[in-house]
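*Asks:* The structure under discussion is supplied below as structure tokens; questions concerning it will follow.
The values are calculated or read from the model by the stated rules, or taken from the named source; none is laboratory data. This structure is a prediction, so every number in the text was calculated from the model and none was measured. Cβ coordinates were reconstructed from backbone atoms using ideal geometry, including for glycine residues, and neighbour counts include every protein chain displayed. For accessibility, only protein heavy atoms count, side chains too; no ligands or nucleic acids. Shrake-Rupley method; radii C 1.70, N 1.55, O 1.52, S 1.80 Å.
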Amino acid sequence: MKLHLGVLALLMPLAALADDTAEYKLTLGNYRYDAGYSGQDVNLRRRAGDTNAWLAVYRDREFGQQARTGVDTSIELADALALQPSVQAATRGFLGGSINLQWGATWFGLVGWGRTNLRPYYNLNWDPNDAVTIGLGWRGDGGRTVSVTLIADDRLHTHQRDLHLFGRWPLGESLRLTLDLMHKSGLGGDDGSLAVRAWGWSATLDWPAWFLRLAHDPKQNFSGLDADRLSIGLRF
């Protein structure tokens, strides 16, 4: 399976750690596909100030194995205005990058743009890589966040669109719930003939030192596969 589209994670303030003092985050993920097999992913991320760097490896019996690495950061241009670049590389010759501009404090907006070299890349998230992003959101006390984000292909004429409704809310002093409801539409499949319209979701429970995430991703990467994901992470 050679997938040229998927998500190249766009840096957003919504991804702040439950414990911002943690330097490392280790995530173990299992992806169960409706075709009757599973994939596994290991991701180690290091955080230093506003910069994150990561190393990861994914493997399943159909795609094989792919290692990846990347870095993202946030550059403050002015009060409540930040530039957020991200770059990523993977085995099989994949290269990609994105750049976002975010403005606002309590109410904020986001615009972004991403590009890859279209080499094979097994994406484990939601959205098209070669795409534009627009988003609006609100942040309150205690990490409360609500946002709406649209990621849309602007390169390969697939009409792929992912619309996310995101919410993050504390449930107590040491527990936080994050929900992401997503609707995807557009053309997919190896030959671009698969018409996709589907709803997906993810739910994450965060404690200061670790987290648990469940997700359902129908037509993952706009393919014919439905994926259910279980991820467990540790911060240290």
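*Asks:* So, with +1 on the Cβ of K and R and -1 on the Cβ of D and E, and no other charges, what is the size of the charge dipole of the chain about its Cα centre, to the nearest 20 debye? Working shown, then result.
*Replies:* Numbers: 24 positive and 25 negative charges, 75 e Å.
Around 360 debye, computed over the chain.
*Asks:* Relative contact order (percent) for the range 92-206, with alpha-carbon contacts under 8 angstrom and 6 or more residues of separation? Walk me through the intermediate numbers first.
*Replies:* On the way: 266 pairs, mean separation 18.9, N = 115.
Relative contact order here is 16 percent.
*Asks:* Also, quick follow-up: Excluding ligands and nucleic acids, what accessible area in Å² is computed for I99 using a 1.4 Å probe, to the nearest 10?
*Replies:* 70 Å²
*Asks:* Quick one: dipole size for the range 71-177, taken about the Cα centre, charges +1 on Lys/Arg Cβ and -1 on Asp/Glu Cβ, in debye to the nearest 20. Intermediate results must be reported in sequence, preceding the final value.
*Replies:* Values: 9 positive and 10 negative charges, 53 e Å.
That gives a dipole near 260 debye.
*Asks:* Positive end of the dipole of the chain, charges at C-beta (+1 Lys, Arg; -1 Asp, Glu), about the Cα centre: which of G167, T145, Q66 has its Cα farthest in that direction?
*Replies:* Comparing the listed Cα positions along the dipole, Q66 ranks first.
*Asks:* Any idea what Rg and Dmax come out to for the range 139-202 if you just take the C-alpha atoms, in Å?
*Replies:* 15.8, 50
*Asks:* Ranked from highest to lowest mean number of other Cβ atoms within 10 Å per residue, what is the order of the peptides 200-206, 139-145, 186-192?
*Replies:* On the way: 200-206: 17.7, 139-145: 13.7, 186-192: 15.6.
Result, highest mean Cβ count within 10 Å first: 200-206, 186-192, 139-145.
*Asks:* Could you give the distance between the Cα centres of the range 85-152 and the range 197-223, to the whole Å?
*Replies:* If we compute the Cα centre of each part, the gap is 16 Å.
*Asks:* Over the chain, what relative contact order in percent results from Cα pairs under 8 Å that are six or more residues apart? Each step should come with its number before you reach the end.
*Replies:* Numbers: 655 pairs, mean separation 43.2, N = 236.
About 18 percent, as a whole number.
*Asks:* Carbon and sulfur atoms: what percent of the 1.4 Å accessible area of the chain do they account for?
*Replies:* Details: 7090 of 11560 Å².
On the chain, the fraction of accessible area on carbon and sulfur atoms equals 61 percent.
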